[in-house]
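Working notes for the structure below.
The values are calculated or read from the model by the stated rules, or taken from the named source; none is laboratory data. Bear in mind that the values here come from a model prediction, so they are computed numbers and not experimental data. Neighbour counts run over all protein chains shown; Cβ positions are idealised from the backbone, glycine included.
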Amino acid sequence: MTREPVPPITHERVWNAIDAFAARQGLTPSGLARLAGLDPTTFNRSKRHGGDGRPRWPSTESIAKVLQAVGARFDEFVGLVEGRDGPDYPVPARTVPFIDAREASAPGFFDPGGRPTGTGWDAVAFPAAPEDPLFAIEVAGSGMQPLYRDGDVIIVRPDIEIRRGDRVLIQTPDGTLTARIFLRRTKRSVEVAAPNSPGSERLALTEIAWLARIVWASQ
């Protein structure tokens with residue numbers, strides 16, 4: 001019987017497997033590290049290469065803690081490294097730009113249409129078509145309550161039509177990010193609402209830098 005060749009274990013495959021575990025839990029790599037009791041920066045993109053540009057591998061201890069935290073077997077991790085898909089831990093189709101909401105409030109992270117720009121972005125695994133212009137925001141603090149809590153991750157797509165009842169992410173000219181429910185848009189304003197709040201809120205277009213539809217959240 002001829003055996004299928006085993007794909008080589010590469011730096012990229014190992015890190016993709018860790019990203020897959022994070023995506024399955026609805027977490028960012030930093031969120032997975034916290035869940036495993038590790039330093040939140042353990043799996044950040046910046047930690048995947050050394051200062052000289054050489055690939056840096058995750059430690060066996062960190063992998064063991066991740067497997068324990070998510071209740072997975074080592075052979076499941078090996079399967080992801082080898083590119084074997086499965087119903088419980090699918091290999092992510094791609095990564096999307098990711099940033100903490102506090103950082104995203106600073107200038108230089110979005111173009112006028114709400115698309116990611118600049119070099120300060122990290123990345124997080126998310127199953128989506130490669131051409132979809134998505135980005136991820138990790139909620140920080142209570143500014144997006146009651147829709148989202150501290151630590152939730154939201155996936156935003158700035159290029160699709162927003163319809164009544166959609167959840168949207170809004171950035172104001174001063175950089176503040178808020179989440180609301182979209183009601184309607186006129187030539188001069190946008191009307192939105194927040195759950196459990198009476199009435200609606202009308203924002204003049206001059207009060208909005210951009211708004212985009214939230215398509216997924218890790219709740």
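Hey, any hits in segment 59-66 for a residue that's free of Cβ contacts under 8 Å to residues at least 12 places away in the same chain, among the polar types (S, T, N, Q) and over 25 Å from I154 (Cβ atoms)?
First, pick out the residues of segment 59-66 that are free of Cβ contacts under 8 Å to residues at least 12 places away in the same chain: 59-61, 64.
Filter once more, keeping what is among the polar types (S, T, N, Q): 59-60.
Keeping just the survivors that are over 25 Å from I154 (Cβ atoms) gives 59-60.
The answer is yes, given that some residue of segment 59-66 is free of Cβ contacts under 8 Å to residues at least 12 places away in the same chain, among the polar types (S, T, N, Q) and over 25 Å from I154 (Cβ atoms).
Which residue out of G83, G37, G108 is of a type outside the set (D, E) and modelled with pLDDT under 85? Give the derivation first.
Details: G37 fails: modelled with pLDDT under 85; G108 fails: modelled with pLDDT under 85.
Result: G83 is the single residue among G83, G37, G108 that is of a type outside the set (D, E) and modelled with pLDDT under 85.
For segment 134-156, indicate whether the set of residues that are of a type in the set (F, W, Y) and more than 18 Å from T95 (Cβ to Cβ) is non-empty. Don't jump to the end; show me each part of the working.
First pass over segment 134-156, keeping only residues of a type in the set (F, W, Y): 135, 148.
Imposing the further condition that a residue be more than 18 Å from T95 (Cβ to Cβ) reduces the set to 148.
Taking every residue of segment 134-156 in turn, at least one turns out to be of a type in the set (F, W, Y) and more than 18 Å from T95 (Cβ to Cβ).
Scan segment 20-35 and report the pairs whose first residue is free of Cβ contacts under 8 Å to residues at least 60 places away in the same chain and whose second residue is of a type in the set (S, T, N, Q) and surrounded by fewer than 24 Cβ atoms within 10 Å (Cβ to Cβ), with Cβ atoms within less than 6 Å and a gap of 6+ or a chain change.
A33/T42
Considering only segment 101-119, I want to know if a residue exists there that is in contact with a helix residue (DSSP H, G or I) (Cβ under 7 Å, 6 or more places away or on another chain), outside any loop (DSSP other than H, G, I, E, B) and over 12 Å from A212 (Cβ atoms).
Checked against the condition, which is being in contact with a helix residue (DSSP H, G or I) (Cβ under 7 Å, 6 or more places away or on another chain), outside any loop (DSSP other than H, G, I, E, B) and over 12 Å from A212 (Cβ atoms), segment 101-119 yields no hits at all.
Within segment 138-151, does at least one residue satisfy the condition of being aliphatic (A, V, I, L, M), in contact with a strand residue (DSSP E or B) (Cβ under 6 Å, 6 or more places away or on another chain), buried (at least 16 other Cβ atoms within 10 Å of the Cβ) and assigned to a strand (DSSP E or B)?
Taking segment 138-151 first, the residues aliphatic (A, V, I, L, M) are 139-140, 144, 147.
Imposing the further condition that a residue be in contact with a strand residue (DSSP E or B) (Cβ under 6 Å, 6 or more places away or on another chain) reduces the set to 140, 144, 147.
Okay, now just the ones that are also buried (at least 16 other Cβ atoms within 10 Å of the Cβ), so 140, 144, 147.
Applying the additional criterion that residues be assigned to a strand (DSSP E or B) yields none.
Checked against the condition, which is being aliphatic (A, V, I, L, M), in contact with a strand residue (DSSP E or B) (Cβ under 6 Å, 6 or more places away or on another chain), buried (at least 16 other Cβ atoms within 10 Å of the Cβ) and assigned to a strand (DSSP E or B), segment 138-151 yields no hits at all.
Touching a residue at least 60 places away in the same chain (Cβ under 8 Å) and assigned to a strand (DSSP E or B) - does that describe any residue in segment 195-211? Working first, answer last.
First, pick out the residues of segment 195-211 that are touching a residue at least 60 places away in the same chain (Cβ under 8 Å): 209-211.
Narrowing the set further to residues that are assigned to a strand (DSSP E or B) leaves 210-211.
Yes, the conditions are met somewhere in segment 195-211.
Which number in (1) modelled with pLDDT under 85; (2) more than 30 Å from R157 (Cβ to Cβ) marks the one condition that S46 misses?
(2)
Select from segment 180-213 the residues that are closer than 20 Å to G108 by Cα and either of a type in the set (A, V, I, L, M) or surrounded by 15 or more Cβ atoms within 10 Å (Cβ to Cβ) (or both) and list them in ascending order. Reasoning before the result, please.
Of the residues in segment 180-213, the ones closer than 20 Å to G108 by Cα are 206-212.
Scanning segment 180-213 gives I208, A209, W210, L211, A212.
Name the pairs: first residue in segment 102-119 and within 11 Å of L177 (Cα to Cα), second residue in a loop (DSSP other than H, G, I, E, B) and among the hydroxyl-bearing types (S, T, Y), Cβ to Cβ under 9 Å, at least 6 apart or on different chains?
S105/T176
List pairs: first in segment 144-157 and without any contact (Cβ under 8 Å) to a residue 40 or more places away in the chain and more than 21 Å from R115 (Cβ to Cβ), second crowded, with 20+ Cβ neighbours inside 10 Å and of a type in the set (G, A, S), Cβ under 9 Å, 6+ apart or cross-chain?
Here the result reads Q145/A179, each pair linking segment 144-157 to a residue that is crowded, with 20+ Cβ neighbours inside 10 Å and of a type in the set (G, A, S).
Scan segment 179-193 and tell me whether some residue there is part of a loop (DSSP other than H, G, I, E, B), in the same structural domain as S142 (by TED's automatic domain parsing) and within 27 Å of the chain's Cα centre (by Cα). Spell out how you get there, then give the answer.
Residues of segment 179-193 that are part of a loop (DSSP other than H, G, I, E, B), as a first pass: 186-188.
The next check asks that each one be in the same structural domain as S142 (by TED's automatic domain parsing); those that pass are 186-188.
Remaining after also requiring within 27 Å of the chain's Cα centre (by Cα): none.
Within segment 179-193 (the criterion being part of a loop (DSSP other than H, G, I, E, B), in the same structural domain as S142 (by TED's automatic domain parsing) and within 27 Å of the chain's Cα centre (by Cα)), the answer is no, since none of the residues qualifies.
Would you be able to tell me the number of residues in segment 7-43 that are touching a strand residue (DSSP E or B) at 6+ places or on another chain (Cβ under 9 Å) and in a loop (DSSP other than H, G, I, E, B)?
The total comes to 4.
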